[in-house]
1. Take the Cβ-Cβ distance between Thr227 and Lys340 as r, set R0 to 22 Å, and report the resulting FRET efficiency rounded to the nearest 0.05.
2. Around Leu419, with a cut-off of 13 angstrom between Cβ atoms, what is the net charge of the other residues, counting Lys and Arg +1 and Asp and Glu -1?
3. Tabulate in residue order the Karplus-calculated ³J(HN,Hα) for region 414-429, using 6.51 cos²θ - 1.76 cosθ + 1.60 with θ = phi - 60°, rounded to whole Hz; enter x for Gly and Pro.
4. With θ set to phi - 60° and the Karplus curve 6.51 cos²θ - 1.76 cosθ + 1.60, what are the ³J(HN,Hα) couplings of region 100-111 in order, to the nearest whole Hz, using x for Gly and Pro?
5. Which ³J(HN,Hα) values in Hz, rounded to whole numbers, follow from the phi angles of region 81-98 under the Karplus curve 6.51 cos²θ - 1.76 cosθ + 1.60, where θ = phi - 60° and Gly and Pro get x?
6. Net charge within 9 Å of Pro399 by Cβ-Cβ distance, Lys/Arg positive one each and Asp/Glu negative one each, not counting Pro399 itself?
7. Note down the nm distance, to one decimal, between modelled labels 7 Å out along Cα→Cβ at Lys360 and at Thr279.
8. Within the set of other residues whose C-beta is less than 12 Å from the C-beta of Ser336, count the net charge using Lys and Arg as +1 and Asp and Glu as -1.
Amino acid sequence: MLPIVAIIGRPNVGKSTLFNRLCGERIAVTSETAGTTRDRVYHEVLLNRRRAILVDTGGMDFVDRSGNETNLEEDIVGQARVAIEEADIIVFLVDVKESITANDRECAQLIRKSGKPIVLVAHKVDNQRSEAHINELYELGLGEAVPVSSEHNWGIDELERAVGKHIRSLKFPAAPPAEKNTLHLAIVGRPNVGKSSLLNALLGQERAIVSDIPGTTVDSIDTELKTPEGSVVLTDTAGIRRRGRIERGIEKFGVMRSLQSISRSDVVCLLVDWSESITNQDLHVSEFVLSAYKGMIVVVNKIDLMEEDEEQRTEFLNLLHYRMSFVSWAPVLFISAAEKKGINKILPLARKIAEERKKKLTQRELDMFLETTINAHPPSRSGKRIKFYKVEQISGTPPLFRFTVNHPELIHFSYKRFLENELRRLFGFDGTAVRLQFWEVGT
C-alpha cells in the first residue's frame, strides 16, 4: 500500500505548480486565478526514492469576498478537508511573497488538529522580500519551513527528503511477495456500475454486498480465486465519484483506497455503465491507471439493457475511442454481470495482458527499431538536429524503454506518441501502458 501525500494551502499559493514539479510533468491546471483547482488531482510519484500517491487540492478559502464565512462542506474547502483526512502526510504551502494571512492561520489550525505528519513549505522563495517573511512562519506552530521555488526548481530535493523522512518513519508495510502466476486484478469504476456484481459473478458466490445504493462498498475487498492457470487476487473497490462530489462520511475514505488498489494491481478492470455512456469520472479513473502504468480492460456492463445489440455496441465503441483516445491500447469487453454474459473472457484476457507487461525485447530487436523506425523517420525540428543514439528496455512490468538522444527536451509529444505506437505495432504490448524515458547522451 502506498502512502498518500496531500498538498494543502489557501488559494493561489502555487499548489498545482508544486504538484506538477513533483510529478515531473504538467498534470494539474495552473493559473493566477484563485480556485482553478476545484477537484482533487492524483498522481503516483517517486519522492526521495519512495513511491507515494500525491494529491493536489483546491485552495482552502475560509472567508468569501464579502467577509462571510463559507460552508466548508459544500465548496472547495470541503474537498481539501477530505484530502486531509485521507492523507498520511500533509505538505502545507504558504506564499512567502506576502505576510501570513487569516486563511493561512485557519489552514494551519485545521491540519494541526489532524495529528498527521506535516511538512511546512515556504513557497515562492524568489527574492529577498520573500525570504524576509520566512521567519513569520514560526507563528503557525508547525516547526521550521522548507524554502521552495517550484517555478525555478529550487528546494525540491530538500522537500522530497523531508517527505521521504516521514514516509520512512510511518513504516509502510512492503507488499508481500506475489506467488508465481498470481494475477492481481482490481475492479474499479464509478458507484453503482456493478463492480460487486461482477466480483460475485467471477467468484460464483456472494462475496461482496450487492446493492443498488451507491456507496455500499466502502473498503477495497481482496478475494483470492484459485484457477488451473494460477491464483487471481480480485479487488472490488469503492466507487470513484467525480472528485467534486465525494460526500461526507465513510465513503470519502474509500476513494483513496481505490486508487491504492490500482497502484498494487497488475491489471485494472475499468467498469463502465452502458446505460450512462462515458462520463468524466470514467476518464479520471483511466487517467490514474495510465499514470500508474498498469494494464487495463474497459468492461462495458449492463448490455442486457441494449435493444439493438450490434448497432448500439458499434456506437458505444466509437464514443469510447473518441473520449478515451489516450488509452486506445486498452481492449474492450461487453458484459452483463447480472446475467453472467461475457464474463468468462475477463480472466483469460487479464492474464494475457499480464504476460504482455512482462515482455522483454532483445537488444537486437531494439537496435533494429532504432535503425528502421527512428533513423528512417527522425523527428522534424527546425534549428537543432535531433539524433538518437540508443534504445534500451530497462524493465518489464511495466515495459520501460530508455531512448538516449542529444536533445531530449526538443522531442515533441507527438513524436513520443509515434514511437509508442510503433513499438506496439511491431512488438505488441496489448492492453498495458508503456513507459518511455528520454535521456541526454553522456548522462
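Rule-based calculations on the coordinates, nothing more; no lab input. Computed from a prediction, not measured in an experiment: that's the story for all the values here. Reconstructed Cβ throughout: ideal geometry from the backbone, glycine too, with neighbour counts over all protein chains shown.
1. That pair, Thr227 with Lys340, gives E of 0.85.
2. +4
3. 3J(HN,Hα) across region 414-429, in whole Hz: 5, 6, 4, 5, 4, 5, 5, 4, 5, 4, 5, 5, 8, 10, x, 6.
4. 4, 9, 4, 5, 4, 5, 4, 4, 4, 5, 5, 6
5. Once θ is set to phi - 60°, the couplings for region 81-98 become 5, 4, 4, 4, 5, 6, 6, 9, 9, 10, 9, 9, 9, 10, 7, 8, 6, 9 Hz.
6. +4
7. Inter-label distance under the simple model: 4.3 nm.
8. -1
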